[in-house]
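Reading through the structure tokens given below for one structure.
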Amino acid sequence: MQPHYQLIDLFCGCGGFTQGFLFRESHDVTVQWEVRLGVDSNPTAVETFNANFGEEIGQVADLLNADPRTYLRELGLSPGELDHLHASPPCEAYSANNRVNGHNGDYRFRVSLEWTEVFLPKVFSIENVRNLGNVHEAEILTKLHSLGYRVISFKVDAADYGVPQHRKRLFYLACLDKLGVEPSIPEPTHCGPRVTNQKLKPWITTNMAIGDLPVRQAGEGPDEFISEVNPEDPVDRQYLGEYAAMMRPPIGTMITAHYARPLDELAMKRLHSLRPGQAIWDLPLQLRPKNGFRGAYGRLHPDYPAKTITTGIRGPSHGPFCHHTQDRLITTREAARLQSFPDTFVFKGRRSAQALQIGNAVPPLLSRAIRRVSEDILIQAKSKSPVYASIYCLPQPQFVPLIPTCSSARLAQGI
């Protein structure tokens, strides 16, 4: 019988983490995941979530003011029944790009712990920038241990898991102690040129990721195109390469979001003067701005993974988001490819809203690595059937709120 597991995605955004749990390849273990719920405060992101995973699965809500007990009842779940609860609370306050010191009282990560206390999922994960752990790791670990979880924290680079982008993130991964299984760090699948491990594939480069997409000029479209290659055909697959073939839909499918944003004359001159891998401080003096982000106007390098894809992909002054051979910004579809979204993934809203969704997303292939560990935990627990079965029958605990009321002030008071 095919295993059937349930997922809830908090601060889900457009659904990058959820996409990774549904991403399947022929060699993957045959496991079916059901997405029970995605919650985010951004209506356009939730619209995207629902367009890809099913209407009404994603819900617009301010999680600071949402009662998890209500969702537990509405979903018809009992504590301990949910298989995996994930949260990617907003990271701006802890990001290295935040030029204001401190975390500005952003305690939304505590929402994740509150939902864990109510749902008691078998597996729980948090994803965020690395600095979250520097500020709050002791609090997170203490709370999860008190709820009866075995928990590990670890730092990863998405490039080591097949994402064509360097994106360094922190994860907390926990599983109920009663399962009798230890959580583990996902095994990398890819590595850089300095690592000599023949079991690992080379990093996916920018050119491998987006080199097959149609040429565009700045300010020109069209936004969509029909895929004229067949990723299942051996000849076409060799042309595409393994990564692009994995992203491409069947031949004849329409692919959207490939319009190149217009650039003014000065921006075009700056881009034209830069070689792949160069950025603002490589510009000729007469074209160089007096100040700017270190990676501003940066061209991607075809032979390396991209730098971190952020919400700044909508402008050349925001980071290294310019095409490696064409004098333009990368398109929304190219940014999605660099985040490992398949070409069938549809983004809703204006282009600026789509850039926000893509830049904030968990790369699906990084999520896939977490999914594989989660499945290992659940499968191992299933083999300990008496213990595993008892998780479904946990008595309803007397709920003691993390903090008295569900509000921003409550979260700021601490656990």
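The values are calculated or read from the model by the stated rules, or taken from the named source; none is laboratory data. Treat the numbers as computed from the prediction; the structure is a model and nothing was measured. Here the Cβ is made from the backbone with ideal geometry for all residues, glycine too, and neighbour counts use every protein chain on show.
Applying the criterion of at least 1 residues that are in contact (Cβ under 8 Å) with a residue 12 or more places away in the chain, under 25 Å from D376 (Cα atoms) and in contact with a Gly (Cβ under 9 Å, 6 or more places away or on another chain) to the strands (runs of 3 or more DSSP E) found wholly in segment 111-224 leaves 149-157, 168-176.
Among the residues making up segment 37-79, those that are more than 19 Å from the chain's Cα centre (by Cα), in a helix (DSSP H, G or I) and of a type outside the set (A, V, I, L, M) are N65, P68, R69, T70, Y71, R73, E74.
At least 3 residues being at pLDDT below 95 and either of a type in the set (S, T, N, Q) or surrounded by fewer than 16 Cβ atoms within 10 Å (Cβ to Cβ) (or both) is the threshold, and among the helices (runs of 4 or more DSSP H) wholly inside segment 308-415 those reaching it are 364-383, 385-392, 408-412.
Yes/no matrix, rows are residues, columns are (1) of a type in the set (D, E); (2) at pLDDT below 95:
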{"site": "E114", "(1), (2)": "yes, no"}
{"site": "F124", "(1), (2)": "no, no"}
{"site": "R130", "(1), (2)": "no, yes"}
{"site": "H136", "(1), (2)": "no, yes"}
{"site": "E139", "(1), (2)": "yes, yes"}
{"site": "L144", "(1), (2)": "no, no"}
{"site": "L176", "(1), (2)": "no, no"}
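Conditions first: (1) buried (at least 20 other Cβ atoms within 10 Å of the Cβ); (2) under 27 Å from the mean Cα position of the chain (by Cα); (3) free of Cβ contacts under 8 Å to residues at least 40 places away in the same chain. G241 passes all but one, so which condition is the exception? With (1) buried (at least 20 other Cβ atoms within 10 Å of the Cβ); (2) under 27 Å from the mean Cα position of the chain (by Cα); (3) free of Cβ contacts under 8 Å to residues at least 40 places away in the same chain applied to G241, the lone miss is (1).
On inspection, H301 passes the criterion of being surrounded by 16 or more Cβ atoms within 10 Å (Cβ to Cβ), at pLDDT 95 or above and outside the structural domain of L366 (by TED's automatic domain parsing).
Checking A369, A355 one by one, the residue that is among the small types (G, A, S) and assigned by TED's automatic domain parsing to the domain that holds E224 is A355 and no other. The residues listed here are L176, L147, L141, L200; of these, the one that is more than 21 Å from the chain's Cα centre (by Cα) and crowded, with 22+ Cβ neighbours inside 10 Å is L176.
Filtered by the rule that a residue be over 14 Å from R328 (Cβ atoms) and not small (G, A, S), segment 207-222 gives N207, M208, D212, P222. Of the helices (runs of 4 or more DSSP H) lying entirely inside segment 225-291, none contains at least 2 residues that are touching a strand residue (DSSP E or B) at 6+ places or on another chain (Cβ under 6 Å).
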